[in-house]
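A short worksheet on the structure shown next.
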Amino acid sequence: MTAPKSGDPTTIRRLYGRRQGHKLRQGQSALVEELLPELSVPETGPLDAERLFGDAKGRGRPLELEIGFGGGEHLAGQAAMRPGHGFIGCEPFLNGVVTALGHIRDAGLSNVRIHMGDALDVLERLPDASLSRVYLLHPDPWPKARHAKRRMVNMGPLDLIARKLIPGAEFRLGTDDPTYCRWSMMVMNRRRDFEWQAKTAQDFLTRPADWPETRYERKARRKGHEVWYFRYLRV
């Protein structure tokens with residue numbers, strides 16, 4: 001297993017897999033038609049807290065971004081814990097977006113914005129050193145070696161994430177896939193701009209209290225899988 005070098009074509013500008021699963025019910029369609037336009041990240045132009053949230057506090061609001069939020073449980077949970085922060089969730093799968101919209105509506109959250117598409121498109125439009133956290137939880141592991149370049153944990157995406165994080169900010173990665181776990185450790189250990197926060201094995205085997213559980217994590221545990229929690233500081 002060889003980690004890619006910085007400069008390799010690892011920032012993939014194509015989304016693989018399905019964009020929609022089961023047909024939406026009437027109430028779900030209403031969320032897409034009515035709530036999603038209100039919460040959608042603008043499609044073009046530079047992004048910052050003031051443009052995304054448009055309130056008097058927008059300019060100084062800390063920003064956090066989740067890459068591939070699945071059903072949005074974690075995204076909504078984090079937003080509820082820190083109402084003064086702005087949260088950007090990126091997810092290309094329509095049914096996941098709909099589920100997240102339901103969580104946002106039910107919790108009455110006003111500090112979340114949604115991008116139904118590639119997270120890299122949003123990251124590129126944010127100012128450098130503008131994010132206080134980035135989350136990548138249970139990403140597609142692309143287990144076959146020939147598909148390794150599609151993994152988000154690659155030098156190209158990580159270079160971009162590093163640029164957008166404030167020094168001292170946090171990058172969180174969660175996975176239950178052993179191959180992805182080993183790959184991530186190998187790739188991240190080669191970098192000098194991220195510092196792994198684990199001091200003992202328990203530090204990445206135990207979910208932190210401020211890390212809401214996702215459906216993928218619950219599913220993994222039902223299957224008897226181990227789950228790993230990685231926390232890195234941008235240095």
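The values are calculated or read from the model by the stated rules, or taken from the named source; none is laboratory data. Just so it is clear, the structure is predicted and the values come from calculations on it, not from any experiment. Cβ coordinates were reconstructed from backbone atoms using ideal geometry, including for glycine residues, and neighbour counts include every protein chain displayed. Quick note on the areas: whole protein, heavy atoms, side chains included, nothing else; ligands and nucleic acids left out. Shrake-Rupley method; radii C 1.70, N 1.55, O 1.52, S 1.80 Å.
Evaluate the distance, in nm, between pseudo-label points positioned 7 Å from the Cα of LEU24 and of SER40 along their respective Cα→Cβ axes. Roughly 1.0 nm, to one decimal. Seen against the Cα atoms of the chain and their longest principal axis, helix 178-189 is set at about 80 degrees. Looking at the chain alone, DSSP beta bridges between its own residues are antiparallel in about 30 percent of cases. Would you work out if the stretch 88-132 is rounded, prolate or oblate? Take a ≥ b ≥ c from the square roots of the eigenvalues of the alpha-carbon gyration tensor; rounded if a/c is under 1.5, else prolate when a/b is larger than b/c, oblate otherwise. In terms of gyration-tensor shape, oblate. In the chain, the longest principal axis of the Cα atoms and the axis of helix 155-164 are about 50 degrees apart. Distance between the pseudo-spin-label points of LEU233 and LYS149 (7 Å out from Cα toward the beta carbon): 3.6 nm. Annotation: TRP211 carries an accessible surface of approximately 10 Å², with a 1.4 Å probe and no ligand, DNA or RNA atoms counted. Look at where the Cα atoms of the stretch 193-222 and of the stretch 85-164 average out, and the two centres are 18 Å apart. Under the criterion of Cα pairs below 8 Å and six or more residues apart, the relative contact order for the chain equals 22 percent.
Normalised by the number of residues in the stretch 68-136, the mean separation of alpha-carbon contacts (under 8 Å, six or more apart) gives a relative contact order of 36 percent. Pairs of lysine residues in the chain that meet both criteria, 8 or more places apart or on different chains and Cα atoms under 25 Å apart, total 8. Here the dipole of the chain is about 820 debye; that uses its Cα centre as origin and unit charges on the Cβ of Lys and Arg (positive) and Asp and Glu (negative). Sorted largest first, the principal axis extents computed over the alpha-carbon atoms of the stretch 120-183 equal 34, 19, 15 Å. Helix 94-107 axis versus longest C-alpha principal axis of the chain: approximately 60°, rounded to the nearest ten. Under the simplified labelling scheme, the ARG221-ASP121 pair shows an inter-label distance of 3.5 nm, with each label point 7 Å from Cα along Cα→Cβ.
Here the extension length gained between GLU50 and ASN189 equals 46.5 nm, from 0.36 nm per residue of separation less the Cα-Cα distance.
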